[in-house]
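These notes concern the structure reproduced below.
We did not get these values from a lab; they are worked out from the coordinates using the rules stated. If you're wondering where the values come from, they're calculated on a predicted model, not measured in any experiment. Here the Cβ is made from the backbone with ideal geometry for all residues, glycine too, and neighbour counts use every protein chain on show.
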Ligand code: 13P
């Protein structure tokens, strides 16, 4: 493990005014999103779509890293360049999703544990050869009155920590992603409680496995009311409670925190990030975005599988990347949103 390399990579991923583009949907997930829009679920369409996403001139001004799915890391754009080369040419660090998905947690109905540790070492060695310099592993926690169970917290923390240690041993920065799901009618207080415990358990497991916190990026969910809750907390409260949680769990050695969007609307996700930079608290880490849906949804709808729509879809994807890049500096405003 070379901590200087890991640290330099992590810093580049979350450099000031930059965040991470999550475009690592597995083929089944990508197909599901295509089918909902009437787009043919084929590898050719996935290639065309992802070529559109990565080929905005200037994208590297706002995006420091892009998370790819295995298919894309090995693939070429529609004009025959490797995706890895196209990203590197824009100073965007290429990354790879390496977990094999959230599977039912035995004896715990309604809960999941993320799999993918078997054979991960050799896979990481190959991904490094192919050009990936960081990886992603996502654990999910569902909230109900009774859930998550301690079994869910500890199994997922263990998986994340073993994955992170393997990544660092291969000079790949692990994105550590504990996602507390937004589904449900829970309060923001309950979201705080679950998110804090998930993060505490994860950092304990990272310490147990000897992971060097200077060479990771944390990708958390925000502390937020359930999607179906009454009287959902407003933007400032989400920002305040999210930071209160993170300041209680995340050591300052961690170079960056890059949020997932987790089903928030595009503009909501941007406003929450922006508000964190106006909460009046000093932040010991970079605080930015690693959005999937909140960066892509509008662009995918506009593209709709038609090559004639590529330019407008690309402009929309670029706009969202820019709005979030600006929000990562606390400089976003509704006027800026509208001006485009
Ligand atoms: P969303 O921003 O759509 O939640 O996706 C981020 C991600 O990478 C989930 O693993």
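Here are the numbers:
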item: Total residues in region 277-327, condition part of a loop (DSSP other than H, G, I, E, B) and within 17 Å of residue 340 (Cα to Cα); result: 0
item: Search result, residues across region 300-326 that are within 14 Å of residue 62 (Cβ to Cβ) and within 15 Å of the ligand (Cβ to nearest atom); result: 317, 320, 321, 323, 324
item: Residue in region 67-88 that is in a loop (DSSP other than H, G, I, E, B), under 22 Å from the mean Cα position of the chain (by Cα) and within 18 Å of residue 157 (Cα to Cα) present; result: no
item: Conditions (1) more than 16 Å from the ligand (Cβ to nearest atom); (2) not in a helix (DSSP H, G or I); number of the one not met by residue 192; result: (2)
item: Of the criteria (1) out of contact with any strand residue (DSSP E or B) (no Cβ under 9 Å at 6 or more places or on another chain); (2) free of Cβ contacts under 8 Å to residues at least 60 places away in the same chain, which one residue 264 fails; result: (2)
item: Cβ pairs under 8 Å, 6+ apart, first in region 287-299 and free of Cβ contacts under 8 Å to residues at least 60 places away in the same chain, second within 6 Å of the ligand (Cβ to nearest atom); result: 293/261; 294/261
item: Residues that are part of a loop (DSSP other than H, G, I, E, B) and closer than 16 Å to residue 140 by Cα, drawn from region 103-116; result: 105, 106, 108, 109, 110, 111, 115, 116
item: So residue 7, is it surrounded by fewer than 16 Cβ atoms within 10 Å (Cβ to Cβ), within 26 Å of residue 172 (Cβ to Cβ) and touching a helix residue (DSSP H, G or I) at 6+ places or on another chain (Cβ under 9 Å); result: no
item: Those residues of region 225-260 which are within 12 Å of the ligand (Cβ to nearest atom) and closer than 15 Å to residue 195 by Cβ, in sequence order; result: 259, 260
item: Filter result for the condition that a residue is assigned to a helix (DSSP H, G or I), out of contact with any strand residue (DSSP E or B) (no Cβ under 8 Å at 6 or more places or on another chain) and touching a residue at least 24 places away in the same chain (Cβ under 8 Å), over 52, 1; result: 52
item: Hits in region 102-131 - residues which are surrounded by 14 or more Cβ atoms within 10 Å (Cβ to Cβ) and within 15 Å of the ligand (Cβ to nearest atom); result: 102, 112, 114, 116
item: Candidates 292, 280, 263, filtered to the one that is within 15 Å of the ligand (Cβ to nearest atom) and on the phi > 0 side of the Ramachandran plot; result: 263
item: Considering residues of region 10-30 that are touching a helix residue (DSSP H, G or I) at 6+ places or on another chain (Cβ under 8 Å) and part of a helix (DSSP H, G or I) only, the residue surrounded by the fewest Cβ atoms within 10 Å (Cβ to Cβ); result: 27
item: Selection within region 226-242 - surrounded by fewer than 23 Cβ atoms within 10 Å (Cβ to Cβ) and in contact with a helix residue (DSSP H, G or I) (Cβ under 6 Å, 6 or more places away or on another chain); result: 233, 235, 236, 241
item: Candidate set: region 32-50, residues that are within 15 Å of residue 70 (Cα to Cα) and surrounded by 13 or more Cβ atoms within 10 Å (Cβ to Cβ); chosen: the one farthest from the ligand (Cβ to nearest atom); result: 47
item: Some residue of region 268-276 being in contact with a strand residue (DSSP E or B) (Cβ under 7 Å, 6 or more places away or on another chain), under 30 Å from residue 312 (Cα atoms), within 16 Å of the ligand (Cβ to nearest atom) and in a loop (DSSP other than H, G, I, E, B); result: no
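Rundown of residues vs (1) out of contact with any strand residue (DSSP E or B) (no Cβ under 7 Å at 6 or more places or on another chain); (2) part of a loop (DSSP other than H, G, I, E, B); (3) closer than 28 Å to residue 311 by Cβ, yes/no style:
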| site | (1), (2), (3) |
| --- | --- |
| 34 | yes, no, yes |
| 40 | yes, yes, yes |
| 64 | no, no, yes |
| 96 | no, no, no |
